[in-house]
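These notes are about the structure you will find just below.
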Amino acid sequence: MNKLFGLIILAVLLSDIKPITAQDHQYTRQDSLRGSITPERIWWDLTYYHLDLKVDIDNKFIFGKNSVYYKVLTPNQVIQIDLQPPMKIDKVLQNGKELTVRHETNAHFIELSEVQREGAQMELDIYYSGNPIEAKNAPWDGGIVWSRDKKGNPFVASACQGIGASVWWPCKDHSYDEPDSMLISTTVPETLTNVSNGRLRKVDENVDGTKTYHWFVSNPINNYGVNINIGNYVHFSEKYTGEKGSLDMDFYVLKYNLKKAQKQFTQAAMTIEALEYWFGPYPFYEDGYKLVEVPYLGMEHQSSVTYGNGYSNGYRGRDLSSSGWGMKFDFIIVHESGHEWFANNITNIDVADMWIHESFTSYSENLFLDYHYGKKASSEYVIGTRLNIVNDEPIIADYGVNQRSSIDIYYKGSNILHTLRQIIDNDEKWRQILRGLNKEFYHQTVSTRQVENFISQQVGINLKSFFDQYLRDSRMPVLEYFIRNNELNARWTNCLGEFDMSLKIKSNGKEHWIKPTTQWQVMKLDEKTESIRIDSNFYVGSMNVLGNSKD
C-alpha cells in the first residue's frame, strides 16, 4: 500500500534504538527476516491480494493460491514472501513463467525474471499447500483451530496475531505495509459457511459438494486481521445509525446459540455508540461490522471481529478489575471491537509498538463505561485493572526483530493513558485528541514517535519525559515526600532523571497541583498542611520518608 512510505526510513532508523532498561534478548536471523524491513521488502508497495484457498477439514489441510499485486518503487529482482513450515510454497508464477525460489525457513526469496521497472504494476501468483500449525490455546499461541461444535459439526477458525498470518497463507508478513484492498475466496464443504473480512460478494456452488465464499475488503487491512471462520452458522443483522450514516452490523453464530446471541450482541451497537463518541467514526463503514462466533476466546479481525466469550459479561465470566464494573459489559465485544480503531484503523509500523494497539484498546473498556455509566465507574475500573500490571519490561520492545513487550501493553498502557487524561485535565480536549488520532492517522501504519508527537502538539506540553518514563522504562515512578514546618517537600524517584510530571494532590480537603522533579523541592500550600493524599487516578507510587503524615 502506498501510504506513508516515507515512514519506512523512520522504521529502519528506529530498528537501532533500544528501549531504556530493556531486558536482553537473543535474536536470530529469522527474527530479523520477519521483523525488519529487509531489502527484499522495501522496494515494492503492496496494493492488492486475492487469497484463494480450499480447506480440507478432515485432513486439516489447506491448499490454494495468493495473487500478490504490487507497485515497483525502486528496481530489484528479488522479492521476499513469508510462509511458515510445515506450509510450503509449491510454485510461483509471474506472467505464466515459473520462478526460482530460495527457501530460508519462514522467508522465501523469489528471483524475478522480468525486469522490475520503477512505477510498474506487477502481479505474482503463489501456489501453496500444507497442514498449518494447529493452535492449541488460541488466540495466544496462534494458528488454525480445528474443532467441533456441540452437535459434532466442524468448527474451524484462524487466529494468528502473535505468530503471524504467514502461519497459514503466503504474504508480506510485516505490519508496515498493507494491501489497499483484498479478495478472500474460501472453499468449504457445502453444509458449512465461511465468514471472512469485508462484504460477501457471492457464493459459488461447486460440483464437488463444496461452496466457495468470496469476501471483498475495500479498505487497507493488516495481515493478521485476515481470517477464515468455518461453521454451521446462522445469520442475523441490524443497522446502526452512526456518525457516517447507516452501518451494517452482521452476526454469525452457531444455530443453537442464536437466542443467546440475539440478547448478548445488543452490546455491539452500544459499543459502536460509545467508541464513536470517544474515537470518531467507525473506520470501516464500507466493509460493515461483523461479530462471528468462534471456538476460541476472540480476536480483532478487521470488520470480522471474532467472539467466544460464552455469551456472558466480564472476561470469561470474571471482572479483570475486581471493581464490579467489569461485569457490566461483555469484555470480548467491547475490547475486540475497540481494536477496529486501534490496530485496524491505526496499525503499528513495527510490532515493538504493539502498545498502540493494546493500550488504547484496553483503555476503550473504561471509555465504554464512562459513556454508559459515568466517569466514576470508568475510573474505578481502570484503577482496578492495575492488579494485572507486572512492570517487568518497558512497554516498547526491541525494533526490527518481531518482538513485542509483556502483558503490560494492556493495563499498564491503559493506566498510562488514564494518567495522561488527568494531566490534560480537560475531558473534551482529551476526547478530541483521541478522535484526532483516528483522523490524522486514518488507515495508516504509525510509530510510537508519531503518536507521542501528535499528542504533545495537541496538548501544548512537552511530554517527552512522560513518554520516556512510561513507555521506555519498566519502573513505576514513586513520589517521595515529607512534611516539615507545614511545607511539602517532594521529589520523584524510581524514574528517569528528567521525569517531571505534574501531579494532583489533596490537602485539608482542597486539591492542589504540584510539579515535582527528581530533586527535592519545597512546595508551599495555601493552608496549614498536615497530610496529603495522591490522586489515585495517576499511576504512581508514593512514600512518606518521615512517616509523619497519612497518605
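The values are calculated or read from the model by the stated rules, or taken from the named source; none is laboratory data. Given the structure is predicted, the values throughout are model-derived calculations rather than measurements. Using ideal geometry, Cβ is built from the backbone for each residue, glycine included, and neighbour counts are taken over all protein chains shown. The accessibility values were calculated without ligands, DNA or RNA, using every heavy atom of the protein model including side chains. Shrake-Rupley method; radii C 1.70, N 1.55, O 1.52, S 1.80 Å.
Take the residues in region 366-400 that are among the hydrophobic types (A, V, I, L, M, F, W, C) and under 18 Å from the mean Cα position of the chain (by Cα), then tell me which one is nearest to residue 449 (Cα to Cα). Out of the qualifying residues, it is 396.
Based on this model, can you work out whether residue 57 counts as among the aliphatic types (A, V, I, L, M), open to solvent by less than 40 Å² (accessible area, probe 1.4 Å) and modelled with pLDDT under 95? Please lay out each step first, then the result.
Details: among the aliphatic types (A, V, I, L, M): yes; open to solvent by less than 40 Å² (accessible area, probe 1.4 Å): yes; modelled with pLDDT under 95: no.
Judged against the criteria, residue 57 is not a match.
Here residue 481 meets the list (1) open to solvent by 10 Å² or more (accessible area, probe 1.4 Å); (2) of a type in the set (Ser, Thr, Tyr); (3) farther than 16 Å from residue 395 by Cβ almost entirely, failing just condition (1).
Table: residues versus (1) touching a helix residue (DSSP H, G or I) at 6+ places or on another chain (Cβ under 8 Å); (2) part of a loop (DSSP other than H, G, I, E, B); (3) open to solvent by 20 Å² or more (accessible area, probe 1.4 Å); (4) not basic (Lys, Arg).
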position: 109; (1), (2), (3), (4): yes, no, no, yes
position: 115; (1), (2), (3), (4): no, yes, yes, yes
position: 136; (1), (2), (3), (4): no, yes, yes, no
position: 184; (1), (2), (3), (4): no, no, no, yes
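The rows are residues; the columns are (1) outside any loop (DSSP other than H, G, I, E, B); (2) surrounded by 15 or more Cβ atoms within 10 Å (Cβ to Cβ).
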position: 175; (1), (2): no, yes
position: 194; (1), (2): yes, yes
position: 204; (1), (2): yes, no
position: 207; (1), (2): no, no
position: 241; (1), (2): yes, no
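Taking region 380-398 as the search range and keeping residues that are open to solvent by 20 Å² or more (accessible area, probe 1.4 Å) and not charged (D, E, K, R), which one is nearest to residue 474 (Cα to Cα)? Talk me through it step by step, then tell me what you get.
To start, the set of residues in region 380-398 that are open to solvent by 20 Å² or more (accessible area, probe 1.4 Å) comprises 380, 383, 386-393.
Then keep just the ones that are not charged (D, E, K, R); that gives 383, 387-391.
Values: 383: 18, 387: 16, 388: 14, 389: 11, 390: 9, 391: 5 Å.
Taking the candidates together, the pick is 391.
Against the numbered list (1) modelled with pLDDT of 95 or more; (2) surrounded by 22 or more Cβ atoms within 10 Å (Cβ to Cβ); (3) within 20 Å of the chain's Cα centre (by Cα), residue 405 comes up short only at (1). Cβ contacts < 7 Å: first residue closer than 16 Å to residue 293 by Cα, restricted to region 131-160; second residue part of a loop (DSSP other than H, G, I, E, B) and open to solvent by 60 Å² or more (accessible area, probe 1.4 Å), any location; separation 6+ or different chain. Result? Pairs that qualify, where the first residue is closer than 16 Å to residue 293 by Cα and the partner is part of a loop (DSSP other than H, G, I, E, B) and open to solvent by 60 Å² or more (accessible area, probe 1.4 Å), are 146/60. If you go through region 430-451 and keep only what is farther than 16 Å from residue 363 by Cβ and either open to solvent by less than 30 Å² (accessible area, probe 1.4 Å) or charged (D, E, K, R) (or both), you end up with 439, 440, 441, 443, 445, 446, 447, 449.
Just one of (1) under 20 Å from residue 424 (Cα atoms); (2) at pLDDT below 95 fails for residue 471. It is (2). Do we find a residue being more than 14 Å from the chain's Cα centre (by Cα), open to solvent by less than 20 Å² (accessible area, probe 1.4 Å), at pLDDT 95 or above and among the hydrophobic types (A, V, I, L, M, F, W, C) anywhere in region 295-302? Scanning region 295-302, I find at least one residue that is more than 14 Å from the chain's Cα centre (by Cα), open to solvent by less than 20 Å² (accessible area, probe 1.4 Å), at pLDDT 95 or above and among the hydrophobic types (A, V, I, L, M, F, W, C), so the answer is yes.
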